[in-house]
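Every read-out reported here was derived from the displayed coordinates using simple, explicitly stated rules and does not represent laboratory data. Quantities reported herein were computed from a predicted structural model and do not represent experimental measurements. FYI the Cβ positions are ideal-geometry reconstructions off the backbone, even for glycines, and counts take in every protein chain you see.
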Amino acid sequence: MRNMIRADIRRVFRKKIFWIAPIAVLIFSFSSVISMFAINILTKYIPLLAAMGQQNNSAVYSLNTVFDSLKLALSIVIFLALFADDFKAMSMTQMIGYGMSRKKYVISKFIDSVILVLIFYVVLIPVIFLLFAAFGQPLTGEYAQYVLLKIFFGILKTIANLTISALAFYITNNMPLGIFTVLILQIIPVGLLLMAESPFMKIFHLDRYYMDGMFNLAHTNFALGLVPEGILWTFICVFIYIGCVLAGTIFFFDRKELDF
């Protein structure tokens, strides 16, 4: 299994699509930070913008936009890089046919996705700090803590997205459906927020029980200094949306006929 993980990582690094996402995200991050500082400058001369609270919210809004875009881009690119070639060349059936257990195959792909996500985010951390420092606003104090928590939960959300999308792929053997699952996972939080506006649905707080809502609640608890509650919500969400989904993938895939 270790040899397969190393081979997958080397193969992914050689794919052009793997490098498109980080370059695009870096460009987007750079433009977002520039726009943020531009708004801060404009608020000094346009009272209306200051009255609307743009100066206080632009940094957080810009950072949230960057991380939401990064989560979507990484989920799609890593999913394609890990599974597309295997699907086309039927490497999955060949590896299993040569004696590799299905459990080891699923776990090795999961480990691949975790390694690739960590590499992306580790590269992104100094880039974000350097961008802010270059514009005279170093990330220090509470805002630095907010950014680090955002990175931590961004990693967990991206891994969860890939794990759920992999489940859809293993069950259906359908690559487009796996990509579609990635996109659906980005739409569900918006739908839950819209449902929460309804007086009837608001009492159920459905957004808190979905992955994004649970991770955001954990993030808020950590930011408020409620560490035990933050750890509890993080553990519950990781257990449900990563651990249970991975276990379900192994269970269903181990009993599936490989007829493709």
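Some notes on this structure:
- Net lengthening on full extension, SER101/ILE236 (0.36 nm per residue, minus Cα-Cα): 45.7 nm
- Sorted ascending by nearby beta carbons within 10 Å, beginning with the fewest, PHE252, PHE153 become PHE252, PHE153.
- Order of TRP233, TRP19 - criterion: other Cβ atoms within 10 Å of each residue's Cβ, fewest first: TRP19, TRP233
- Footprinting exposure proxy ranking of LYS103, LYS109, LYS16, fewest other C-beta atoms within 10 angstrom first, gives LYS16, LYS103, LYS109.
- Residue pairs, from the table LYS103/LYS256; LYS71/LYS157; LYS109/LYS150; LYS15/LYS104, whose Cα atoms sit over 18 Å apart: LYS109/LYS150; LYS15/LYS104
- Calculated FRET value between LEU224 and ILE187, using beta carbons and R₀ = 35 Å, to 0.05: 0.75
- Nitroxide proxy distance, nm - points 7 Å out along Cα→Cβ at LEU130 and ASP254: 4.6
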